[in-house]
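Before any comments, here is the structure.
What follows is calculated from the coordinates using simple rules that are stated; it is not laboratory data. Every value quoted in this text rests on a predicted model; they were computed, and no experiment measured them. Cβ atoms come from the backbone with ideal geometry, glycine included; neighbour counts cover every protein chain shown.
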Amino acid sequence: MSVPLKSIPADLQSGFWNFRANTAEAKTGASGVISAVGNTPLVKLNRFLPGAQFELYAKLEALNPGGSSKDRAAISLIQRGLDTGAIRSDTTIIESSSGNLGVGLAQVCAYFGLRFICVVDQKTTLQNIRLIKSYGAEIDLVLEPDVETGEFLQARIDRVQTLLRSTPNAFWPNQYANVYNAVAHHRTMHEVVTALDGRVDYLFCATSTCGTMRGCAEYIRQHNLSTVIIAVDAVGSVIFGGQKANRLIPGHGAAVRPQLFQANLADRVLCLNDLDCVIGCRRLARREAILAGGSSGAVAMAVTKIQHEIPPGSKCVMILADRGERYLDTIYSDEWVGEHFGNVAELTTVRDEEEKCLATF
Ligand SMILES: Cc1ncc(COP(=O)(O)O)c(C=O)c1O
């Protein structure tokens with residue numbers, strides 16, 4: 001029997017959706033694991049760029065319970081479905097994701113007792129598939145890319161459409177087009193702004209569905225903030241008009257421009273390559289003891305590349321979207337890095353003159 005599901009419990013609503021996440025009642029954890037989504041730490045980094053004259057902060061989205069910023073999107077997309085009645089107790093959630101959103105949705109669906117089918121492809125890591133299945137979700141593996149475009153993304157979307165037609169009471173969150181993906185990040189930006197007493201000069205964030213960037217940009221505009229948004233995309237991604245090319249590191253970038261994209265959300269776009277991700281991640285690990293995912297490495301290198309353009313005294317924030325454990329066989333594997341880029345030890349270790357700066361902390 002189909003019954004309306006009780007949505008986010010009242011105590012959690014006050015903590016999660018009304019931006020009162022820092023209050024004591026929101027920290028009691030009374031509403032299960034989803035009450036732990038959001039309110040991630042914003043930490044000041046003193047070592048990553050020795051000698052920098054500006055303040056650099058990292059928003060550690062890895063500390064969401066599902067391990068990434070996509071926990072926020074997952075809960076927002078499902079909450080919206082519950083609010084509108086599109087999701088009921090007998091609804092099956094069907095979504096295409098090769099990574100973090102799949103894990104986030106698996107977590108939220110397990111919490112609400114909803115059936116979830118995650119459409120993945122051969123590029124999805126075994127670890128992600130295992131994670132998604134561990135929450136009780138089902139995996140639907142697409143074996144062939146789309147014939148016309150050669151893209152797995154298109155093939156996965158086609159498979160979602162097929163499953164929607166054949167599955168009774170199915171609901172597609174559609175992370176690439178659903179504005180509630182972006183709405184989730186109003187709160188992300190609110191947390192950052194609140195933590196820095198209202199002043200954020202630069203925000204660096206990686207892009208794929210554009211949910212994070214759009215949500216933060218909407219918040220910035222709604223609150224008349226002067227924050228400069230730097231979008232960090234992948235070389236080979238088409239989001240900002242670049243040429244499509246193969247990319248090794250998943251997470252940020254997209255082979256098709258997402259519907260959530262809007263021109264003028266970002267003040268500036270920087271495209272970083274796979275090697276940048278590796279260098280940035282390894283520097284974050286060695287200099288700041290932060291084991292982060294590939295897009296975080298790109299974001300960190302974006303700051304590195306334009307550091308001399310940032311006025312002294314500025315407050316800069318990097319959103320670090322996920323954790324490094326999911327990249328142990330790639331970014332953090334010397335064999336994998338050697339195979340793809342040769343010996344990069346020199347690029348990732350701390351140089352002598354930097355050592356002296358680090359010693360002052
Ligand atoms: C690791 C990682 N970083 C960045 C992003 C980009 O976030 P968004 O989809 O909100 O643009 C994603 C999206 O999947 C991601 O998985």
*Over all directions, average the projected area of the Cα convex hull of the chain and note it in nm².*
18.3
*Report, in whole Å, the centroid distance computed from the Cα atoms of segment 276-345 and segment 127-186.*
28
_Difference of contour (0.36 nm per residue) and Cα-Cα distance, ARG221 to ARG165_ = 16.2 nm
*When the helices in the chain are scored as -39500 (n - 2.57) per DSSP H run of 4 or longer and the sum is shared across all residues, what 222 nm value do you end up with, to the nearest 500 deg cm²/dmol?*
-11500 deg cm²/dmol
*asked:* Student exercise: in the chain, how many lysine pairs 8 or more apart or on different chains have Cα atoms under 14 Å apart?
replied: 4
*Extension gain from GLN243 to GLN259, taking 0.36 nm per residue of separation minus the Cα-Cα distance*: 3.9 nm
*Contact order normalised by residue count of segment 70-171, Cα under 8 Å, 6+ apart, percent*: 29
*Starting from the Cα of ARG199, step 7 Å along the direction of its Cβ; do the same at VAL179; then give the gap between the two resulting points in nm.*
3.3
*Radius of gyration and maximum dimension Dmax of segment 59-155, Cα, Å*: 13.7, 40
*Run the numbers on segment 145-275 and let me know its relative contact order in percent, using alpha-carbon pairs under 8 Å that are six or more apart.*
23
